[in-house]
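Structure, as C-alpha cells:
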Amino acid sequence: MCIFGAGNVAMDAARTAVRLGSEKVSIIYRRTREEMPARIEEVHHAKEEGIEFRMLTSPLAFNGDGNGKVTSVTCQKMKLGEADSSGRPRPVPIPDSQITIPCDLAVIAVGSGANLILTEVTPSMNLNKWGYIIADENTGRTTMKRFWAGGDIVTGQATVILAMGAARKADQRIFTIT
Ligand SMILES: Cc1cc2nc3c(=O)[nH]c(=O)nc-3n(C[C@H](O)[C@H](O)[C@H](O)COP(=O)(O)OP(=O)(O)OC[C@H]3O[C@@H](n4cnc5c(N)ncnc54)[C@H](O)[C@@H]3O)c2cc1C
C-alpha cells in the first residue's frame, strides 16, 4: 500500500492501514524528511510502526491490471532545488531516474479542498481565493443572508477543536441575528 504525501493525514492513513492489517505501507514524498509537514511525533510513531519512508520520490503514473485494480506506481526520483514560494526547496526531477513500486492500494493525501457542490450553487456566498467560504471570524456569518459557516470550509483543513469552536461562537448569535 502506498500513501502519497507527508502531512498528518498521510501519517494517520499509514498508521491506520498498519493497524487494519496492511503488510507493507510506504509513504512516498517528493521532498525530504526535513520538509515533511507532519508533526514530529506522528513521523516518529509511523517509523516505530514499521512504515517505510521513500523520500525524494514523486508519482508519475498508476499502473493497473486492466480490471480496475492498481498494481504498481511509476515514480521519478527527485533532488532539492532552489526555494519555492512556500520557502521550501523545490523538488526537481532527476532525468532517467524512473522506478516502479508495487502498490495494491493508493491513498493520495496531498491536501484538501471545499466540496464544490455547495459553494458552486450559492453564488451570493463569497469565497476566498482558495474556494473556502468567507465568514465573520467572531460570528460565523457569511455574505449570504441567514447563512453561517465554520470549520474546515472556512479555515481550510484545520482541527476538530477549531471547528467546534466556530460552531459554538456561531451558535450564540444564530438565534439572535436575523
Ligand atoms: C485523515 C485525517 C485525520 C485527521 N486527524 C485529526 C486529528 O487527529 N485531530 C484534529 O483535531 N483534526 C484532525 N483532522 C482534521 C479534522 O478532521 C477536521 O479539521 C474537522 O473534521 C473539521 O470539521 P468540520 O465539521 O469543519 O468538517 P468535516 O468533519 O469534514 O464535516 C463536514 C461534513 O459535511 C458533509 N458535507 C460536505 N459537503 C456537503 C454537502 N454539499 N451537503 C451536505 N453535507 C455535506 C461531509 O460529508 C461531512 O460529514 C484530520 C483530518 C483527516 C482527513
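Taking 65, 96 and ordering them by how much accessible surface each has at a 1.4 Å probe, largest first, produces 96, 65.
By the Cβ-Cβ criterion of under 4.7 Å, the unpaired cysteines of the chain are 75. Near the amide H of residue 71, within less than 5 Å, lie the amide hydrogens of 63, 64, 65, all on another chain or at least 5 residues away, with H placed in the peptide plane.
Counting residues in segment 84-178 as N, plug N into 2.2 N^0.38 Å and put the Cα Rg over that result. Each step should come with its number before you reach the end.
Numbers: Rg = 19.2 Å, N = 95, 2.2 N^0.38 = 12.4 Å.
Normalised by 2.2 N^0.38 Å, the Cα Rg of segment 84-178 equals 1.55.
Below 8 Å between Cα atoms, with a sequence gap of 6+, how large is the relative contact order for segment 116-174 in percent? Over segment 116-174, the number comes to 26 percent. Sorting 175, 53, 62 on solvent-accessible area from highest to lowest, probe radius 1.4 Å, gives 175, 62, 53.
Only protein heavy atoms count here; on that basis, with a 1.4 Å probe, residue 18 has an accessible area of about 40 Å². Rounded to the nearest 10 square angstrom, residue 30 shows an accessible area of 110 square angstrom against a 1.4 Å probe.
Each Lys or Arg adds one and each Asp or Glu subtracts one; over the other residues with Cβ under 13 Å from the Cβ of residue 131, this totals -1. Note on residue 47: accessible area is roughly 90 Å² with a 1.4 Å probe, heavy atoms of protein only.
Taking every alpha-carbon pair under 8 Å whose residues sit at least 6 apart, segment 2-108 reaches a relative contact order of 27 percent.
Across segment 43-59, coupling constants 3J(HN,Hα) worked out from phi with the 6.51/-1.76/1.60 Karplus curve, θ = phi - 60°, read 5, 4, 5, 4, 5, 4, 8, x, 6, 7, 10, 10, 8, 6, 9, 10, x Hz, and Gly and Pro carry x.
Label positions at residue 40 and residue 105, each projected 7 Å from the Cα along the C-beta direction, are separated by 3.1 nm. Averaging the sequence gap over all C-alpha pairs within less than 8 Å and six or more residues apart, then dividing by the number of residues, gives segment 37-178 a relative contact order of 13 percent. Translational diffusion coefficient of segment 25-88 (Stokes-Einstein, Kirkwood radius from Cα pairs, 4 °C, 1.567 mPa s): 95 µm²/s. Put a dot 7 Å past the Cα of residue 98, heading toward its Cβ, do the same for residue 23, and the two dots end up 2.7 nm apart. Here each label is just a point 7 Å from Cα along the line to Cβ, and for residue 16 and residue 175 those points are 3.4 nm apart.
Measuring between their Cα centroids, segment 125-140 and segment 153-178 lie 12 Å from each other. Estimated purely from DSSP H runs of n ≥ 4, each contributing -39500 (n - 2.57), the mean residue ellipticity at 222 nm for the chain is -7000 deg cm²/dmol once divided by its residues. Springs join every pair of Cα atoms under 10 Å in this Gaussian network model of the chain, and among 46, 13, 163 the largest mean-square fluctuation is at 163.
If you take the alpha carbon atoms of segment 2-108 and fit the smallest convex hull around them, that volume is 102 Å³ per residue.
Looking at segment 84-156, which chymotrypsin sites (Phe, Trp or Tyr not before Pro) are in a loop (DSSP not H, G, I, E or B) and have at most 14 other Cβ atoms within 10 Å? Write out the running numbers ahead of the final one.
Working: sites: 130, 132, 147, 148; in loops: 130, 132, 147.
Filter output for segment 84-156: 130, 147.
For the pair residue 47 and residue 79, a Förster radius of 35 Å applied to the C-beta separation gives a FRET efficiency near 0.90, rounded to the nearest 0.05.
The values are calculated or read from the model by the stated rules, or taken from the named source; none is laboratory data. All values derive from a computational prediction rather than experimental measurement. Every residue, glycine among them, receives a Cβ derived from its backbone with ideal geometry; neighbour counts consider all protein chains shown. These area figures cover heavy atoms from the full protein model, side chains too; ligands, DNA and RNA do not enter into them. Shrake-Rupley method; radii C 1.70, N 1.55, O 1.52, S 1.80 Å.
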